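Student: Take a look at this one; I'll ask things after.
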Amino acid sequence: MAGVTLREIVKEYGDVVAVDHVSLEVQDGEFVALVGPSGCGKTTTLNLVAGLLELTDGDILIGDKLINDLDPKDRDLAMVFQNYALYPNKKVYDNLAFPLKMRGTPKGEIAARVRKTAEILSIEHLLDRKPKQLSGGQQQRVALGRALVRNPKAFLMDEPLSNLDAKLRVQMRAELKRFHQEIGATVLYVTHDQMEAVTMADKMAVMSGGVLQQYGPPDEVYRHPVNVFVAGFVGSPSMNLLRAAVTAADGQGALRGTEGWLHPLSPANARRAAASSGDVMVGIRHNQVHLSREERPGWVETRVYTVEPTGDLTYVHLRLGGQLLVASADAEWRAAPDDRVWVEFDQGSLHLFDAQTELALPLADAVASGATVGSARAMATAG
Amino acid sequence: MSANLSTGVGASGGSTADAGLDGRDARIAAAIATPTAPSRPAVRSRVQPATRRRARRRCRPTPIGVLGWVFLAVLLFFTVVPMAWMVSTSLKSSFAAIDQPPRWIPAEPTIVNYTKLLNPDETVGADFLRYMRNSVWVSTATTVLGLIVAVPASYAFSRFAFPGRDTLFFSVLVRNMFPTVVFLIPLFILMRRLTLVDSHWSLILTYLTFGLPLSIWLLKGFYDNIPVELEQAARIDGATRFQAFYLIVMPLSSPGIIATAIYAFIQGWNEYVYARTFIQSDRLLTMPVGLQKFFTEYASDWPGLMAASFIMSVPVVVLFLALQKYFVQALTEGAVKS
């Protein structure tokens with residue numbers, strides 16, 4: 001195993017920049033998830049590492065070795081594809097043996113390693129079958145096995161779980177994480193599903209428009225998104241983002257939403273907001289929106305749009321002017337559409353972004369300790 | 001009857017008696033599916049649409065369906081009767097062949113026409129076998145050379161983006177947009193310049209000019225259907241680009257290659273116009289032209305001609321059956337879940 005380093009890599013297709021100066025360091029044994037919406041350049045980045053595409057600029061290193069110009073076969077990587085890419089004309093055994101055969105491994109050793117890999121993945125009984133005789137989950141395991149059968153420097157995975165049904169996906173997610181922990185493999189994992197990234201990865205790299213937005217451990221990315229894009233992308237349901245002007249009311253700082261609502265700010269948040277060049281974007285997670293059925297001073301009036309009970313907790317979609325806002329309440333919370341509900345944003349976990357630059361406004365003081373507990377709980381429920 | 005029908009509609013499920021009646025009605029309607037019949041079903045359908053729907057679900061023919069079957073039957077008759085007549089005549093003696101009225105089943109079937117054609121010691125047999133050899137050689141050479149070019153070409157068209165790819169891809173078809181005869185004289189002059197007239201190579205090259213574009217088109221379709229991820233996986237697994245093609249893609253496209261080969265072979269096998277124009281020596285004639293020569297030389301020997309025609313059509317029929325199998329296989333082979 002070895003680490004993977006990307007230095008200012010660029011991939012251009014004519015005038016289109018698919019990957020724009022991305023730098024990333026994956027430590028030996030680390031599980032790094034590349035996440036972002038489709039078309040953000042994450043798969044292109046992975047294919048650049050694999051050598052399936054040619055770099056326009058920048059360097060890629062595996063361990064200490066520069067591999068910019070190496071053929072895919074000489075990079076000593078293994079890859080799991082979204083559609084598994086099992087060789088349809090070969091039996092499972094030969095699928096697993098192929099990477100070894102191509103590297104001139106002796107026959108006896110091939111047999112031993114294929115058996116061992118099949119054992120680890122509990123697919124021994126499938127070795128004589130053709131891929132199309134397997135279920136989706138079994139195909140997925142074989143694809144994983146074909147990567148595992150060698151000891152590559154690193155594993156590249158391109159949305160390996162997205163073709164599985166929801167239940168199997170959760171199960172395979174746990175298996176993949178367990179497998180990573182057991183063999184200490186370096187994994188570069190591409191997904192559009194931020195949930196997979198949050199649950200499995202040691203670090204996540206959020207990409208948008210070919211640009212790396214933020215790179216760090218999932219809880220850090222979740223708790224301190226550096227800009228509006230990351231804030232909206234990471235977390236489920238998405239963070240509520242409202243545009244507001246910074247103003248003052250009753251002698252303290254306040255936000256005046258474009259929809260006309262007024263919400264007071266704590267002194268610390270008021271100082272942050274004051275640093276903005278103009279309007280701010282207010283970000284608030286669903287579990288940091290406090291709900292009240294009675295009017296309270298300083299709270300904002302909203303109307304219930306719809307109520308979604310999920311069993312564990314209830315998501316309440318609220319209408320605030322033309323915007324929708326998601327809040328969560330306990331499992332028994334119910335309301336009829338168009339009921340009046342008052343909300344308050346938790347001051348300790350309010351995210352503030354400059355509306356113009358979309359960058360996070362730095363924290364003036366230490367964040368209230370409640371915020372940390374709050375986001376941790378939110379991540380648990382989101383998972 | 002109308003009373004029965006209305007009760008049938010009234011009962012949601014329909015009793016067995018009603019069902020039987022419906023079935024019989026439908027059968028009658030089918031039996032008299034002529035323009036006079038619709039007056040009654042039309043009235044009935046307006047009153048009881050449910051009955052008609054139920055009848056249709058039991059696969060009773062609609063007017064369009066009936067027309068389709070009639071059309072297919074005519075087509076079948078049109079294609080099968082000449083073949084049947086050919087086989088029947090080929091099994092008769094010369095006298096029996098011109099019997100009036102003609103008999104479908106030969107009174108005294110004989111295979112002497114076939115043994116004569118396949119006997120190299122007889123003049124007719126020697127000629128015939130030589131035509132056959134020539135045809136086999138020309139068709140095979142066309143097929144093999146065509147594939148040697150078409151396989152890599154279609155793979156390149158399918159996988160690589162290069163300047164002018166689409167233009168080039170469509171331009172390979174230009175040759176097939178013109179009638180065969182348009183190129184007859186120009187190609188003849190070209191072949192004369194190349195001193196290839198009256199040689200098999202003139203035919204092989206000519207057949208390639210129209211067989212190759214079609215082969216490339218056919219094969220490109222097959223390669224397009226093979227996911228590029230398979231090659232990518234192979235390359236990461238340690239294969240070179242060529243190994244990825246040779247070890248993974250080629251075996252997967254073999255149904256396509258076989259289908260294309262058979263198609264190219266049949267094209268060469270059946271071609272007449274160029275063979276007639278380019279070949280002058282009797283010893284180089286291919287089967288279609290050779291057969292035509294039989295017509296003039298042995299005009300009275302109908303059974304012999306029919307036997308020769310039949311032998312010539314056998315490879316085509318056999319290959320077409322095989323072709324169908326491979327096409328189906330190529331279509332149903334689900335390579336990758338996507």
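Values in this text are rule-based calculations from the coordinates and carry no lab data. Only a predicted model underlies this, so the values are computations on that prediction, with no experimental measurement involved. With ideal geometry, Cβ positions are generated from the backbone for all residues, glycine too; neighbour counts draw on all protein chains shown.
Student: Where is the GNM fluctuation largest for chain A (alpha-carbon springs, 10 angstrom cutoff): A:V228, A:V206, A:V300?
Tutor: A:V300
Student: For the stretch A:102-165, just the Cα set please: Rg and Dmax, both in angstrom.
Tutor: 12.5, 38
Student: Using the beta-carbon distance between B:V182 and A:N151 and R0 = 60 Å, what value does 1/(1 + (r/R0)^6) give for FRET efficiency, to the nearest 0.05? Present the calculation step by step, with values, prior to reporting the outcome.
Tutor: On the way: r = 64 Å, r/R0 = 1.06.
Efficiency, rounded to the nearest 0.05: 0.40.
Student: Please report the Cα spread of the stretch A:4-228 along all three principal axes, rounded to whole Å, starting with the longest.
Tutor: Reported extents, whole Å, longest axis first: 50, 39, 30.
Student: I've got another one for you. Only counting other Cβ atoms within 10 Å, I'd like A:E8, A:E358 sorted with the fewest neighbours first. Write out the running numbers ahead of the final one.
Tutor: On the way: A:E8 11, A:E358 15.
Sorted ascending by nearby Cβ count, the order is A:E8, A:E358.
Student: How much FRET efficiency would the formula 1/(1 + (r/R0)^6) give for A:S277 and A:S162, where r is the Cβ-Cβ distance and R0 is 25 Å, rounded to 0.05?
Tutor: So, using R0 = 25 Å, E works out to roughly 0.05.
Student: Right, something else. Kirkwood-based Rg over Rh for the protein assembly as shown (C-alpha set), two decimals? Walk me through the numbers on the way to the answer.
Tutor: Details: Rg = 37.9 Å, Rh = 33.2 Å.
Computed over Cα atoms, the ratio is 1.14.
Student: Taking a label point 7 Å from the Cα of A:E12 along the Cα→Cβ vector, which residues of the stretch A:44-69 have an amide N closer than 11 Å to it?
Tutor: A:56-57
Student: Let me ask something else about it. Grab the alpha carbons of the stretch B:64-110, take their convex hull, and tell me the volume per residue in Å³. Before the final figure, lay out the partial values.
Tutor: Numbers: hull volume 3.5 nm³, N = 47.
Per residue, the Cα convex hull of the stretch B:64-110 comes to 75 Å³.
Student: Could you name the lysines whose alpha carbon sits less than 27 Å from that of B:K116, not counting residues in the same chain fewer than 8 places away?
Tutor: Leaving aside lysines fewer than 8 places away in the same chain, those within reach of B:K116 are B:K92, B:K293.
Student: Let me ask another. Which residue, chosen from A:Q288, A:A274, A:W299, occupies the Cα position most advanced towards the positive end of the dipole of the stretch A:238-382, where the dipole is computed from +1 (Lys, Arg) and -1 (Asp, Glu) charges on Cβ about the Cα centre?
Tutor: The listed residue farthest towards the positive side: A:A274.
Student: Can you grab the distance from the C-alpha centre of the stretch B:64-124 to the C-alpha centre of the stretch A:3-34, Å, no decimals?
Tutor: 73
Student: Which of A:E344, B:E108 has the fewest other C-beta atoms within 10 Å, and how do the rest follow up to the most?
Tutor: Details: A:E344 17, B:E108 9.
Ascending Cβ contact count within 10 Å gives the list B:E108, A:E344.
Student: At a threshold of 8 angstrom on Cα-Cα distance, excluding pairs fewer than six apart, so keeping six or more, what relative contact order does chain A reach in percent? Mind dumping the intermediate values first?
Tutor: Values: 792 pairs, mean separation 58.3, N = 383.
Value for chain A: 15 percent.
Student: Could you work out which residue, out of A:A268, A:A154, A:A197, moves most in a Gaussian network model of chain A, that is, has the largest mean-square fluctuation with Cα springs under 10 Å?
Tutor: Between A:A268, A:A154, A:A197, it is A:A268 that shows the largest mean-square fluctuation.
Student: Normalised by the number of residues in the stretch B:113-332, what is the relative contact order in percent for Cα pairs under 8 Å and 6+ residues apart?
Tutor: Working: 215 pairs, mean separation 71.0, N = 220.
Dividing the mean separation by the residue count of the stretch B:113-332 yields 32 percent.
Student: Compute the Rg to Rh ratio over the stretch B:104-171 from the alpha carbon atoms, using the Kirkwood formula for Rh, and round to two decimal places. Walk me through the numbers on the way to the answer.
Tutor: Numbers: Rg = 22.7 Å, Rh = 16.2 Å.
Ratio value, two decimals: 1.40.
Student: Also, quick follow-up: Averaging the inverse of every distinct alpha carbon separation and then flipping it gives the Kirkwood radius. What is it for the stretch B:113-332, in angstrom units?
Tutor: Numbers: mean 1/r = 0.0518 Å⁻¹.
Result for the stretch B:113-332 stands at 19.3 Å.
Student: Given the pairs A:K107/A:K167; A:K11/A:K73; A:K90/A:K153; A:K101/A:K203; A:K167/B:K220, which are separated by over 30 angstrom at their Cα positions? The partial results should precede the final answer.
Tutor: On the way: A:K107/A:K167 38 Å; A:K11/A:K73 21 Å; A:K90/A:K153 26 Å; A:K101/A:K203 34 Å; A:K167/B:K220 39 Å.
Among A:K107/A:K167; A:K11/A:K73; A:K90/A:K153; A:K101/A:K203; A:K167/B:K220, the Cα-Cα distance tops 30 Å for A:K107/A:K167; A:K101/A:K203; A:K167/B:K220.
Student: What span do the alpha-carbon atoms of chain A cover on each of the three principal axes, reported in whole Å from largest to smallest?
Tutor: Sorted from largest, the Cα extents of chain A read 81, 46, 37 Å.
Student: Let me ask something else. Starting from the Cα of A:E358, step 7 Å along the direction of its Cβ; do the same at B:R241; then give the gap between the two resulting points in nm.
Tutor: 3.8
Student: Return the whole-Å distance between the Cα centroid of the stretch B:149-180 and the Cα centroid of the stretch B:275-300.
Tutor: A separation of 35 Å, based on Cα centres.
Student: Just the projected area, averaged over all directions, of the convex hull on the alpha carbon atoms of the stretch A:5-122: how many nm²? Kindly include the intermediate steps, with their values, before the conclusion.
Tutor: Details: hull surface 37.0 nm².
Reported value for the Cα convex hull: 9.3 nm².
Student: Quote to one decimal, in nm, the extra length available between A:K177 and A:Q252 on full extension: 0.36 nm per residue of separation minus the C-alpha distance between them. Write down the numbers at each step before the final one.
Tutor: Working: separation 75, 0.36 × 75 = 27.00 nm, distance 4.81 nm.
Full-extension gain reported as 22.2 nm.
Student: Another question about this same structure. Debye calculation, C-alpha points only, no solvent: report log10 I(q)/I(0) for the stretch A:238-382 at q = 0.09, 0.18, 0.20 Å⁻¹, in the same order as the q values.
Tutor: Those come out to -0.26, -1.07, -1.28, one per q.
Student: Would you please state which residues of the stretch B:267-308 a label at B:E108 would reach in this model, taking the label point 7 Å out along Cα→Cβ and a backbone N cut-off of under 16 Å?
Tutor: B:303
Student: Quote to one decimal, in nm, the extra length available between B:Y298 and B:S199 on full extension: 0.36 nm per residue of separation minus the C-alpha distance between them.
Tutor: Numbers: separation 99, 0.36 × 99 = 35.64 nm, distance 2.58 nm.
Here the segment from B:Y298 to B:S199 would lengthen by 33.1 nm.
Student: Pop a pseudo-label 7 angstrom from the Cα along the beta-carbon direction at both B:V314 and B:V136 and give the gap in nm to one decimal.
Tutor: Reported label-point gap for B:V314 and B:V136 is 1.1 nm.
Student: Of A:F233, A:L127, A:S162, which is farthest towards the positive pole of chain A's charge dipole, taken about the Cα centre with +1 and -1 on the beta-carbons of Lys, Arg and Asp, Glu respectively?
Tutor: Looking along the dipole axis, the top candidate is A:L127.
Student: Please rank A:D59, A:D279, A:D250, fewest neighbouring Cβ atoms within 10 Å first, as an exposure proxy. Please list the in-between numbers first.
Tutor: Numbers: A:D59 14, A:D279 19, A:D250 9.
Neighbour counts put them in this order, fewest first: A:D250, A:D59, A:D279.
Student: Given R₀ = 30 Å, what would the calculated FRET efficiency be for A:T56 paired with A:S238, taking r from the Cβ atoms and rounding to 0.05?
Tutor: Values: r = 33 Å, r/R0 = 1.10.
Step by step, r from the Cβ atoms, then E = 0.35.
Student: Still on this model: What trypsin sites (Lys or Arg not before Pro) does the stretch A:262-335 have in DSSP loop regions with at most 15 other beta carbons within 10 Å? Don't skip to the end; give the middle numbers.
Tutor: Details: sites: A:R271, A:R272, A:R285, A:R293, A:R303, A:R319, A:R334; in loops: A:R285, A:R293, A:R334.
Here the sparse-neighbourhood loop sites are A:R293, A:R334.
Student: Points 7 angstrom from Cα along the Cβ direction at B:V74 and B:E122: gap in nanometres?
Tutor: Placing both labels 7 Å beyond Cα along the Cβ direction yields 4.1 nm.
Student: Please work out the Cα center distance from the stretch B:221-261 to the stretch A:184-248, rounded to the nearest Å.
Tutor: The two parts, judged by their Cα centres, are 38 Å apart.
Student: So, one more: What dipole magnitude, in Debye to the nearest 20, does the protein assembly as shown give about its Cα centre under +1 on Lys/Arg Cβ and -1 on Asp/Glu Cβ? Provide the component values of the computation, followed by the final result.
Tutor: On the way: 70 positive and 66 negative charges, 625 e Å.
For this selection, approximately 3000 debye.
Student: Report relative contact order for the stretch A:238-382 in percent, whole number only (criteria: Cα-Cα under 8 Å, sequence separation at least 6).
Tutor: On the way: 308 pairs, mean separation 37.2, N = 145.
It comes to 26 percent, rounded to a whole number.
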